[in-house]
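Structure first, commentary second.
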Amino acid sequence: MLGASDLTGATVGGLRVDYGRIAPKVRLLLGLSYFHSRFDQQAITRFERRLDSIVNPAIHDSINLGRISLSDIIGDVDFQFVLPQGHGITAYLGTGVSIHLRNGSGAAINGTFMEDALDVITAGLNGTMGFEFNLSRAWRFSIDGAACCRVV
């Protein structure tokens, strides 16, 4: 699940690779994911009104910012503590770190301090928990929940 305020139309993709066990009950996972979305019209309109009230409060101008997008490329490393539950089922709890490469773009903000404010490189902390079901020696099915918070 992906949650964000003021954004709409998210495109999300990712790849996780299980590196294997690095200790008897600890495995290492490496991930790379991508997120892209636009600021919704309500957020854009609110920003346009704020700009209009600052530029010339006595006269209503028609400021049109167009589309403004936000994307994020995330690389992460997670350590999962595995708890075998029986034949073919494993529960796990994990924690890790991530790096976020965020990019804001739009015709009205390109080359401005606003784009600079949206373009950031920052770290994050991750947490995961879930269950894994062995379908065969080579294939597993996982159900998990993950949370990530950026460290600003």
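Read the figures in this text as sums done on the coordinates, not as results from a lab. In this text the structure is predicted, and so the values were computed from the model without any measurement. As a convention, Cβ positions derive from the backbone with ideal geometry for all residues, glycine included, and neighbour counts pool all protein chains shown.
Details
- Cα pair distances in region 42-85, grouped into 10 Å bins until the bin that holds the longest one, percent each: 20, 26, 15, 13, 13, 9, 4
- Take the Cβ atoms of N134 and N64, set R0 to 41 Å, and the FRET efficiency comes out at 0.15.
- At R0 = 22 Å, FRET efficiency that the Cβ-Cβ distance of A43 and A123 yields, to 0.05: 0.30
- Backbone phi angles across region 139-149, fed through the Karplus curve with coefficients 6.51, -1.76 and 1.60 (θ = phi - 60°), yield HN-Hα couplings of 10, 10, 10, 10, 10, 8, x, 9, 9, 9, 10 Hz in residue order; Gly and Pro are listed as x.
- Length gained when the stretch L15-A147 is fully extended (0.36 nm per residue, less Cα-Cα span): 45.9 nm
- Acute angle (nearest 10 degrees) that the helix 41-55 long axis makes with the longest principal axis of the chain, alpha-carbon atoms: 40 degrees
- Of every Cα-Cα pair in region 72-152, the percent that sits beyond 20 Å: 51 percent
- Computed over region 7-97, the percent of Cα pairs more than 23 Å apart is 54.
- Phi angles of region 106-119 translate, via the Karplus equation with coefficients 6.51, -1.76, 1.60 and θ = phi - 60°, into HN-Hα couplings of x, 4, 6, 10, 4, x, 10, 5, 5, 5, 4, 5, 7, 7 Hz per residue; Gly and Pro are given as x.
- Normalised by 2.2 N^0.38 Å, where N is the number of residues, the C-alpha radius of gyration of region 109-152 stands at 2.01.
- Net charge of Cβ neighbours under 14 Å - reference V77; Lys, Arg +1; Asp, Glu -1: -1
- Semi-axis lengths (Å, descending) of the ellipsoid that matches the C-alpha gyration tensor of the chain: 43, 14, 12
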